1. Name every residue in segment 38-59 that is under 10 Å from the mean Cα position of the chain (by Cα), touching a residue at least 60 places away in the same chain (Cβ under 8 Å) and closer than 18 Å to GLU173 by Cα, in order of residue number.
2. Given the structure, is THR4 of a type in the set (Ser, Thr, Tyr), over 16 Å from the mean Cα position of the chain (by Cα), within 24 Å of GLN185 (Cα to Cα) and loosely packed, with under 12 Cβ neighbours inside 10 Å?
3. Out of all the residues in segment 32-80, which are polar (S, T, N, Q), closer than 17 Å to PRO12 by Cβ and either in contact with a Leu (Cβ under 8 Å, 6 or more places away or on another chain) or surrounded by fewer than 16 Cβ atoms within 10 Å (Cβ to Cβ) (or both)?
4. For segment 140-157, which positions are surrounded by 14 or more Cβ atoms within 10 Å (Cβ to Cβ) and either at pLDDT 95 or above or under 18 Å from ALA89 (Cα atoms) (or both)?
5. Considering only segment 36-58, state which residues are farther than 18 Å from LEU179 by Cα and either touching a strand residue (DSSP E or B) at 6+ places or on another chain (Cβ under 7 Å) or not in a helix (DSSP H, G or I) (or both).
6. Taking only segment 175-198 into account, find how many residues are of a type outside the set (Ser, Thr, Tyr), at pLDDT 80 or above and more than 17 Å from ALA161 (Cα to Cα).
7. Considering each residue of segment 26-46, count those that are modelled with pLDDT under 95 and among the β-branched types (Val, Ile, Thr), and give that number.
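The values are calculated or read from the model by the stated rules, or taken from the named source; none is laboratory data. On a predicted model such as this, the values are computed, not experimentally measured, just so you know. No Cβ is skipped: glycine too gets one built from the backbone with ideal geometry, and neighbour counts run over all protein chains shown.
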Amino acid sequence: MKRTLCNHCHFPEQTCVCKFLGQPVKNHCKILVLQHPSEVKVTKNTVRLLSLQLSNLEVVIGESETDFAHVRQQLHSSQCALLYPSESAKALSAPAGKETLPAIETLVVLDGTWKKVHKMLMLNPWLMSLPHVSFAELPKNQYHIRKAEQAFSLSTLEATAHFLHLYEAISPEPLYRALAGMIEQQTRLMPDHVKQRYLRDE
């Protein structure tokens, strides 16, 4: 039986997040999410929340170099960076921000498990030739309903919110509130023994 979706947030009506959403965040730096196809139908995927809350966001679904051919051409004409913790990445830290970074018009964010992201990088070596940025310190992971593969893992929403906070001084609270609302809606329908497992992890 097909679930009825909310016309606005496109989550199932039982887990609608509309009441947790605020006015769209006006970010100047474009967030370009390259999303692995396996993430599209994941109910706890945070990119859907970003699409509801950021005014300057583009999501491109794919995996291979062919999938992202038009994106590569687009990035040639803009100042861009990849959010990825490589050895050459420039680490953002408050209050440094833009003063120690080249201007970034477009931030590329990869959305997928670490295994899928690694595969995307192997299939798209041009991504590694982009300037990389990462974080000097990570915020506390608030995404308790999806197991982190690495101790330093953040959801795509959390990583994007932290970048915008450091680079544009945009408060992450509207994005974190949407994330907390989604978690509340998802856990509300869980059996008690499953719900307690997540509560213990907080």
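1. THR46, VAL47, LEU49, LEU50
2. Values: of a type in the set (Ser, Thr, Tyr): yes; over 16 Å from the mean Cα position of the chain (by Cα): yes; within 24 Å of GLN185 (Cα to Cα): yes; loosely packed, with under 12 Cβ neighbours inside 10 Å: yes.
So THR4 passes the test.
3. Selection gives THR43, THR46, SER51.
4. At the first step, the residues of segment 140-157 found to be surrounded by 14 or more Cβ atoms within 10 Å (Cβ to Cβ) are 141-146, 148, 153-157.
Listed by number, the residues that qualify are SER153, LEU154, THR156, LEU157.
5. Looking only at segment 36-58, we keep the residues that are farther than 18 Å from LEU179 by Cα, and these are 36-38, 56, 58.
Residues satisfying the conditions are HIS36, PRO37, ASN56, GLU58.
6. Result for segment 175-198: 3.
7. Summing the residues that are modelled with pLDDT under 95 and among the β-branched types (Val, Ile, Thr) in segment 26-46 gives 4.
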